[in-house]
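K.L.:
Would you mind keeping the following structure in view while I ask a few things?
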Amino acid sequence: MLKKISGAAGAALIPVIASGLIRLIAATMRISCVHFDEYRSALKQGRQHILTFWHGRLMMMPHAYRGGKGITILVSQSRDGELVSRTVRRLGIESVRGSSTRGWLGGIKGLLKAAQSGRDLAITPDGPKGPRYKAQMGVIQIARATGLPVFPLAFGASKKKHSAAGIPL
């Protein structure tokens, strides 16, 4: 079905729907931060940094970023990457395009330029091709080149427990 609507109309419509859905879900969540102190401290001090998160957990990550001079995320040059890039743009996040398999040099140059302009960076260290949940060296190389600290983040969700609200299961 995605291929049927992935033409020009789909490329325009999907990011609108996806960004609206992300905002709607975020508005209904109760967020708990675990082991967040060091990242919170970096934000308060205005320290530039790199956020990393697993590729399979990226949907709600736009809501993890707070403060700074803005963030730039590395997005693959695939058709799905174009949809991600357009979606995050609607959420106030810039992107550069490139991955380990296509356009890697442009992606690295874009991240370095964003870092030089004072922007924070975001990278999925396992990428779309994986191996899943195994960080590759790219994020380490970017951190070494920029001198920025790396903060790994994750997002998880669970259903509301009705019994806690006094409703029997």
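The values are calculated or read from the model by the stated rules, or taken from the named source; none is laboratory data. Predicted model only: the values in this text are computed from it and were never measured. Cβ sites come from the backbone with ideal geometry, for glycine too, and all protein chains shown count toward neighbours.
K.L.:
Any residue in the stretch 142-161 that is more than 27 Å from Q48 (Cβ to Cβ) sitting within a Cβ distance under 8 Å of a residue that is modelled with pLDDT of 75 or more? List the pairs, counting only those 6 or more apart or interchain.
P.N.:
Close Cβ pairs (under 8 Å, with a partner that is modelled with pLDDT of 75 or more) amount to A157/M29; A157/M60.
K.L.:
Now for a separate question. Got a sec? Which helices (runs of 4 or more DSSP H) wholly within the stretch 1-103 have at least 2 residues that are modelled with pLDDT of 90 or more and closer than 29 Å to S158 by Cα? Spell out the reasoning first.
P.N.:
Details: elements: 8-27, 37-45, 79-90.
So the answer is 8-27, 79-90.
K.L.:
Quick one: in the stretch 114-165, which of the residues that are in contact with a Lys or Arg (Cβ under 7 Å, 6 or more places away or on another chain) and of a type in the set (D, E, K, R) is modelled with the highest pLDDT?
P.N.:
R119
K.L.:
Can you find a residue that is closer than 23 Å to S32 by Cα, touching a residue at least 24 places away in the same chain (Cβ under 8 Å), crowded, with 17+ Cβ neighbours inside 10 Å and not small (G, A, S) anywhere in the stretch 75-86?
P.N.:
The answer is no, given that none of the residues of the stretch 75-86 is closer than 23 Å to S32 by Cα, touching a residue at least 24 places away in the same chain (Cβ under 8 Å), crowded, with 17+ Cβ neighbours inside 10 Å and not small (G, A, S).
K.L.:
Does any residue of the stretch 16-27 turn out to be touching a helix residue (DSSP H, G or I) at 6+ places or on another chain (Cβ under 6 Å), crowded, with 16+ Cβ neighbours inside 10 Å and under 26 Å from K129 (Cβ atoms)? Before the answer, list the steps.
P.N.:
Narrowing the stretch 16-27 to residues touching a helix residue (DSSP H, G or I) at 6+ places or on another chain (Cβ under 6 Å): 18-19, 26.
Okay, now just the ones that are also crowded, with 16+ Cβ neighbours inside 10 Å, so 18-19.
Within this subset, residues satisfying the condition of being under 26 Å from K129 (Cβ atoms) are 18-19.
Within the stretch 16-27, one or more residues are touching a helix residue (DSSP H, G or I) at 6+ places or on another chain (Cβ under 6 Å), crowded, with 16+ Cβ neighbours inside 10 Å and under 26 Å from K129 (Cβ atoms).
K.L.:
Let me ask another. Check whether at least one residue in the stretch 36-58 is touching a strand residue (DSSP E or B) at 6+ places or on another chain (Cβ under 9 Å) and farther than 16 Å from L121 by Cα, and report yes or no.
P.N.:
The answer is yes, given that some residue of the stretch 36-58 is touching a strand residue (DSSP E or B) at 6+ places or on another chain (Cβ under 9 Å) and farther than 16 Å from L121 by Cα.
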